[in-house]
Amino acid sequence: MSAPFCLAIADTAGQPVGGKAEGLRRLLELGLPSSPAFALVGASVSAEGAGLDDATFAEVLRHYEALGGGAVAVRSSALGEDSEDASFAGQYETILNVVGADALRAAIAECLASASNTRSAAYREARADNTDVTMTVVVQRMVDAFAAGVLFTVDPVSGRRDRLVIDAVRGLGEALVSGAVTPDHLKLDPRNTIVERDQAGPEPVLPDTTLQQLAKHARDAERAVGAPLDLEWAVDHDNRVVFLQARPITHLAADPRALDIIQRPNDFTPSATSAR
């Protein structure tokens, strides 16, 4: 087994880095504004619970300092995660607002250990997937967010391809993922006109100008990929949109409009009974 090593996200093509790291590289390839990150590849937690050795962690610290230090998000990134066949959403660990060397080392160990946690093991068992998990850890600069959320380039509930769906909360997106906060829920048509708005508070989370930025970036990305996307995003206090993840939407329902047929007058032939 080769020694663990670190790579800038832009350099991870062809490496076994897992779904989240691949999603971050996808953001770069699509030209979407994103938060700098690197990947730790090939590390593991031993049966005795020992974490990274000093040489590996010294390399991690060099990359952490290159991000500017400070607060980072530490995310598990397993092979097969966020793929077209399985999402593994919520099965592995993500630790936010990690600051300093000691906290970073502990967070990485926690992410690596999640490769064999009860949740992920049960998910794999339900899918009859008995393969060993290869886990990469992504370290990504935190965004000082005044708002965050998710965006789907199609409606994941109804399956409608002519709807773009945005859920937005104030602060970090973790509040949305955990269900602690009810989001603003919006649907936009292909012209990016808001056709449905379910507002959680007295004021909208996002101004319409920011919604238009999100929608334009998302539609450009979907066209480039040629497939519907699930995007995580944040907006900082300078109103800059930053994308945090891009993944394909798994198990999308059929578009309910697919069987819609508009009949022309000459398509209808009166029956003998109705002609009487």
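Name the residues in the stretch 153-197 that are polar (S, T, N, Q), closer than 16 Å to Leu214 by Cα and surrounded by fewer than 19 Cβ atoms within 10 Å (Cβ to Cβ), would you? Step through it out loud before you land on a result.
Filtering the stretch 153-197 down to residues polar (S, T, N, Q) leaves 153, 158, 178, 182, 192-193.
Pick out the ones that are also closer than 16 Å to Leu214 by Cα and you get 153, 192-193.
If the condition is that a residue be polar (S, T, N, Q), closer than 16 Å to Leu214 by Cα and surrounded by fewer than 19 Cβ atoms within 10 Å (Cβ to Cβ), then Asn192, Thr193 are the ones that fit.
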Within the stretch 220-234, can you find the residues that are open to solvent by 40 Å² or more (accessible area, probe 1.4 Å) and either of a type in the set (Val, Ile, Thr) or under 11 Å from Ser34 (Cβ atoms) (or both)?
Val225, Glu232
Residue check, Pro204 surrounded by 15 or more Cβ atoms within 10 Å (Cβ to Cβ) and more than 30 Å from Val98 (Cα to Cα):
no
Residues to consider are Thr153, Thr193, Thr250; find the one that is within 21 Å of Gly19 (Cα to Cα) and at pLDDT 95 or above.
Thr153
Checking the condition modelled with pLDDT of 95 or more and of a type in the set (Gly, Ala, Ser), which residue from Ala78, Ala39, Ala21 passes?
Ala39
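If you take the residues of the stretch 223-247 that are among the acidic types (Asp, Glu) and closer than 18 Å to Asp155 by Cβ, which of them is nearest to the chain's Cα centre (by Cα)?
Of all residues in the stretch 223-247, those among the acidic types (Asp, Glu) come to 230, 232, 236, 238.
Adding the requirement that they be closer than 18 Å to Asp155 by Cβ leaves 230, 232.
Numbers: Asp230: 6, Glu232: 5 Å.
Looking at the filtered set, the residue picked out is Glu232.
The values are calculated or read from the model by the stated rules, or taken from the named source; none is laboratory data. As the structure is a prediction and not an experimental result, all values here were calculated from the model. Counting neighbours? That spans all protein chains shown, and the Cβs are built from the backbone with ideal geometry, glycine included. Keep in mind that these areas ignore ligands, DNA and RNA; they rest on the heavy atoms of the full protein, side chains included. Shrake-Rupley method; radii C 1.70, N 1.55, O 1.52, S 1.80 Å.
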